[in-house]
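The values are calculated or read from the model by the stated rules, or taken from the named source; none is laboratory data. Since this is a predicted model, take the numbers as computed values, not measurements. No Cβ is skipped: glycine too gets one built from the backbone with ideal geometry, and neighbour counts run over all protein chains shown. Note: areas computed on protein heavy atoms with side chains; ligands, DNA, RNA excluded. Shrake-Rupley method; radii C 1.70, N 1.55, O 1.52, S 1.80 Å.
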Amino acid sequence: MNPMLTLIRKDLQLTWRDRSNWLSALSFACISLLIYSFAFDLVATDLKPLLPGVLWTTFLFVGVFASSQSFQREWDSDVLDALMLAPISPTAIYLGKALTNVISLLAIELVLLLLSTMLFDTAFLTAELILVVVIGTIGYISLTTLLSTLGTRARARSMLFPVLALPLLIPLLIAGVRASSAAMDEPIGSAPWILLLTVFAIWSTASGLLLFPLAVKR
Amino acid sequence: MSATSPDIPEARPSRLQALFTFLLRAVLPVYQRRWVLLPALTGVMMMAMLVGAVLAAPREVVEGDVQRLMYLHVPSATIGTYFSFLITAVASAIFLMSRDIRWDAVARAAATVGVLFTIFTLATGAIWGKPIWGVYWSWDARLTSTLVLLLIYTAYLLARSVAGPNDEQAARYTAIFALVGFLDIPLIHFSVDWWRTLHPQRIIFNTRPAVPNEMLFVLLVAFLAITFLMLWLIALRSDSEQLAQRTDRMRMYLDQRGNN
C-alpha cells in the first residue's frame, strides 16, 4: 500500500479514536460563530455582507488552532525520528499530514456551513461556495502544516503559532472573503479572487513540499 | 625534503576558478575595510542628504515643507525595507543549504534592520499623511502591505529570539519562515492592491509636470545614503550576533569542562 495513504489512514484513525481533539476544535468553531452572533447581533440588520467575513475568520482561527497540533502526537511519543528513518520520503509524510488536516478541517467547516445556514437563514451549501471553501482550506492548511514543525517548545509554540501564521494568511483571508461574497451574489468589484485563492493554494502547497524536508531534517 | 610530491600534479585553476579568485581579490579588500568605509560613506552621504533635503531642494508648491519627508520615506520604503528583507531571504536560503550558523546571524541582522526601516517608513508616512490626506493612517494598499510585512518580520524575530543563538533547529525553522514570508510578498501585494488603493502613484516616471532635477538629485543622494546606512547597520548587527554565537559556544564549552 502507498505509504502516504497508510499515514493518512493511521492519522485519521487516531484522530477518530481520540475524540477530545477534534471535538474541542468543533466546539470552538461553533462557539466562535455564536460569539459573532452575539457581538454583532447578526439578526437585526442586513447581515449578508458580514457573513463571509464571519465564516472565514472562524475557519482561520479553528484551522490555526487545530493544525498547530499536527505533530504533537509524534513529539509526545518521539515517533518523528523513527518516521524520518523509515523508508518514506519526507514529502509523503508532509502530504499525509496535510491531507489529514484538510479532511478533518473540511468536516468541521461543513458542520459550520450547515449551522450558519440554519442560524442566518442564508443558503451556504452552494456548489460555488463549497468550491471556494475547499480551495481556501487547502491553501491555509498546507501553510500551517509546514509551520507546525516549530519544534518541541510547546509553551512558545502555542503562543507564537498564530502570530507566525496569521500574517502570512492575510492574502488568503482577503481572497476567501471576497470570493465567498461573490459566490453569495454580493457586489464586490471585479477582481479575480478565485484565481488569487487558487494561486495561494498552489503556492503554499509547493512551498510546503519543498521546505518540509528541510524543516524536519536532523 | 622536497616541497611537493611528484605524484600530485600542480593544480591548474580553471577559468571559472580564476574569475572567482579575481573577484575575491577585488572584493575582499573592500570587505575587510568595511568598518572604515561604511561609516565614512554613510556619514558623508547622510550629511549630503540632510543638506539637500532641507536646504537645496526646492519647496514643493502644493504640499509645502512636509513634502521634504519624501527624501527619507521613499528610500526607506524601497531600499531599507525590501532590500533588507531580500537579504534576510537570501541569507536564510544560504543557511539552509550550507548549515553554517553564521548565515543565520546575517539573516537576523537584516530582518532587524528591515523592521526598523519599516517602522520608520510607517512613521514618516503617518506624519506626512496627517496634513496631506487629513489622516495618519488609511487602509490603502501600500500602507496595508507594509504593515503586513512588519507583522511577518516581527513574528520572525520573536520566533528566533525565544531560542538560543546557536539553536540550529530554531534557526532552520525561522529560516524557512523567512523564505515563506518573502515569497508571500507578491501575494500580499496583489490581494491588498485589489482590496483598495489610495496611495500616490510613483512620481518619478509618470507625472506630467516633471519633477525638478534638483529634487531628483537629492532623492538619488538619499537613496545612496539609506543604502549605506542599511548596509552598515546590517554589518554591525550581524557581527554582534556572531559574537553572541561565539560567546554562547564558549560558555557551553566551559560548562562542559566544569562538569567533568
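If I fit a long axis through the Cα atoms of helix A:19-40 and take the longest principal axis of the Cα atoms of chain A, what angle between them do I get, 0 to 90°, rounded to 10?
Helix A:19-40 sits at roughly 30 degrees to that axis.
Can you give the direction-averaged projected area of the convex hull of the alpha-carbon atoms in chain B, in nm²?
Working: hull surface 87.1 nm².
Reported value for the Cα convex hull: 21.8 nm².
Using C-alpha positions alone, give me the convex hull volume of the stretch A:3-216 per residue in cubic angstrom.
Working: hull volume 25.6 nm³, N = 214.
With only Cα atoms used, the stretch A:3-216 gives 120 Å³ per residue.
In µm²/s, what is D for the stretch B:33-113 at 37 °C and 0.692 mPa s, where D = kT/(6 pi eta Rh) by Stokes-Einstein and Rh is the Kirkwood radius from Cα pairs? Show your work: numbers first, answer last.
Numbers: Rh = 15.1 Å.
Here the translational diffusion coefficient equals 217 µm²/s.
Looking only at B:ALA110, B:ALA26, B:ALA244, which one moves most when chain B is put into a Gaussian network model with springs between Cα atoms under 10 Å?
B:ALA26
Over the Cα atoms of the stretch B:63-162, what Rg and Dmax result, in angstrom?
Gyration radius and largest Cα-Cα distance of the stretch B:63-162: 15.6, 52 Å.
Given a Förster distance of 25 angstrom, what is the FRET efficiency for B:VAL30 paired with B:LEU220, based on the Cβ-Cβ distance and rounded to 0.05?
Once the sixth-power term is evaluated, E becomes 0.70.
If packing is taken as the mean number of other Cβ atoms within 10 Å per residue, what is the order of A:20-26, A:141-147, A:165-171, highest first?
Values: A:20-26: 14.0, A:141-147: 28.0, A:165-171: 23.1.
Top to bottom by mean Cβ count within 10 Å: A:141-147, A:165-171, A:20-26.
Once the other residues with Cβ under 13 Å from the Cβ of B:ALA57 are scored (Lys, Arg +1; Asp, Glu -1), what is the net sum?
On the way: positive: B:ARG59, B:ARG68; negative: B:GLU60, B:GLU63, B:ASP65, B:GLU214.
Net local charge, B:ALA57 excluded: -2.
Calculate what fraction, in whole %, of the accessible area of the stretch A:1-60 sits on carbon and sulfur atoms when a 1.4 Å probe is rolled over the protein chains.
For the stretch A:1-60, the apolar C and S fraction of the accessible surface comes to 69 percent.
As an exercise, find the ratio Rg/Rh for the stretch A:1-125 from alpha-carbon atoms, using the Kirkwood inverse-distance average for Rh. Please list the in-between numbers first.
Details: Rg = 17.6 Å, Rh = 16.2 Å.
Ratio value, two decimals: 1.09.
If you take the beta carbon distance between A:ASP81 and A:SER27 as r and set R0 to 30 Å, what does 1/(1 + (r/R0)^6) give as a FRET efficiency, to the nearest 0.05?
The pair A:ASP81/A:SER27 has a calculated efficiency of 0.35.
Computed from the mean reciprocal separation of all distinct C-alpha pairs, what Kirkwood hydrodynamic radius does the stretch B:85-144 have, in Å? Display every interim value, and only then the final one.
Details: mean 1/r = 0.0754 Å⁻¹.
Final number for the Kirkwood radius of the stretch B:85-144 is 13.3 Å.
Over chain B, with a Gaussian network built from C-alpha contacts below 10 Å, which listed residue (B:TRP194, B:TRP133, B:TRP232) shows the highest mean-square fluctuation?
B:TRP194
With springs only between Cα atoms under 10 Å apart, run a GNM on chain B and tell me which of B:LEU24, B:LEU37, B:LEU219 wobbles the most.
Most flexible of the set in this elastic network: B:LEU24.
Taking each pair of distinct Cα atoms in the protein assembly as shown once, what is the resulting Kirkwood hydrodynamic radius in Å? Write out the running numbers ahead of the final one.
Values: mean 1/r = 0.0391 Å⁻¹.
For the protein assembly as shown, the Kirkwood estimate is 25.6 Å.
So what is the accessible area of the protein assembly as shown per residue, in Å², with the probe set to 1.4 Å? Show your work: numbers first, answer last.
Numbers: 25070 Å² over 478 residues.
Roughly 52 Å² per residue, with all protein chains present.
How far is it, in nm, from the label point at A:LEU5 to the one at B:VAL62 when both lie 7 Å from their Cα along the line to the Cβ?
Placing both labels 7 Å along Cα→Cβ, they lie 6.5 nm apart.
Can you give me the angle between helix B:213-259 and the longest principal axis of chain B, using Cα atoms only, in degrees from 0 to 90, rounded to the nearest 10?
That works out to roughly 40 degrees.
Positive end of the charge dipole of the protein assembly as shown (Lys, Arg +1 and Asp, Glu -1 on Cβ, about the Cα centre): tell me which of A:SER27, B:ALA77, A:LEU125 has its Cα farthest that way.
Positive-most Cα among the choices belongs to B:ALA77.
Stokes-Einstein D for the stretch B:209-256 at 20 °C, 1.002 mPa s, Kirkwood Rh over Cα pairs, in µm²/s? Could you put the intermediate results ahead of the total?
On the way: Rh = 13.8 Å.
It diffuses with D of about 155 µm²/s by this estimate.
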